[in-house]
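S.K.: Just passing along the structure, written as structure tokens.
Each value in this text was obtained by applying a stated rule to the coordinates, not by laboratory testing. The structure displayed is predicted, hence computed values, not measured ones. Glycine gets a Cβ as well: all are built from the backbone with ideal geometry, and neighbour counts include every protein chain shown.
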């Protein structure tokens, strides 16, 4: 069972539909007990940083999320669900979950640059051999909607990057069971479904070990 965390900030229907298409059984929940019992956790998110972390903390979900990641079960953050894993954001004043050292930063303005970064863009794999990218070619286009990007202190967290204007920024992070992406795999056609399928395959491997 894959727990999809409900904190009133996620596009839950699209994420669940994407997981179902690749053979998973997603379960939308805001219960710490169900997150603890789940085989894997997905943290989606759409909106602003401060309300997101406020909602998580008000529902008592911050510590269960940290515990799930520390336990070694597969974890996938999506869009805002990536950003709130960090220590802080230039979008607001609330502290993030602090699971990953670093800051969420706003794109710098430059001539001709559109903010938010919205639409299809090509991924560059910084960690080409991780399970999340299995069966993907070197030229993959995915769908983004964001004005802020994550900036991890340790560059080894960066699993993929993307270029918007003259700025190349982190598009995905990965370290062990912790994976998170800035783009929306559930809106990224066949490439996105393959990424979700790869995550589900990793869940199955973990469960069967």
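S.K.: Report the full-extension gain for the segment residue 59 to residue 71: residue separation times 0.36 nm, less the Cα-Cα distance, to one decimal in nm. Intermediate results must be reported in sequence, preceding the final value.
M.R.: Values: separation 12, 0.36 × 12 = 4.32 nm, distance 2.06 nm.
Residue separation times 0.36 nm, minus the Cα-Cα distance, leaves 2.3 nm.
S.K.: Based only on other Cβ atoms within 10 Å, what is the fewest-to-most ordering of 5, 53, 205?
M.R.: Details: 5 27, 53 23, 205 11.
Going from sparsest to densest Cβ surroundings: 205, 53, 5.
S.K.: Within a 10 angstrom radius of the beta carbon, how do 114, 191 rank from fewest other beta carbons to most?
M.R.: Values: 114 10, 191 19.
The order, fewest Cβ neighbours first, is 114, 191.
S.K.: How high is the FRET efficiency between residue 161 and residue 37 when r is their beta carbon distance and R₀ equals 41 Å, given to the nearest 0.05?
M.R.: 0.70
S.K.: Which of 207, 42, 142 comes first, and how do the rest follow, when ranked by fewest Cβ neighbours within 10 Å? Write out the running numbers ahead of the final one.
M.R.: Numbers: 207 12, 42 31, 142 23.
Fewest-to-most Cβ neighbours within 10 Å comes out as 207, 142, 42.
S.K.: Moving on. What percent do you get for the relative contact order of segment 89-209 when only Cα pairs under 8 Å and 6+ apart count? Before the final figure, lay out each step's value.
M.R.: Details: 200 pairs, mean separation 29.9, N = 121.
Normalised by residue count, the contact order of segment 89-209 is 25 percent.
S.K.: Rounded to the nearest 0.05, what FRET efficiency do residue 17 and residue 209 give with R0 = 25 Å and r taken as the Cβ-Cβ distance? Could you check? Working shown, then result.
M.R.: On the way: r = 28 Å, r/R0 = 1.13.
Efficiency computed from Cβ-Cβ geometry: 0.30.
S.K.: Kirkwood-based Rg over Rh for segment 2-208 (C-alpha set), two decimals? Walk me through the numbers before you get to the answer.
M.R.: Details: Rg = 15.6 Å, Rh = 16.8 Å.
Rg/Rh: 0.93.
S.K.: Okay, moving on. Taking R0 as 22 Å, what's the FRET efficiency between residue 118 and residue 28 from their Cβ-Cβ distance, rounded to 0.05? Present the calculation step by step, with values, prior to reporting the outcome.
M.R.: On the way: r = 26 Å, r/R0 = 1.19.
In this case the efficiency is close to 0.25.
S.K.: Could you work out how far the C-alpha centroid of segment 1-46 sits from that of segment 59-134, in angstrom?
M.R.: Computed from Cα coordinates, the inter-centre distance equals 17 Å.
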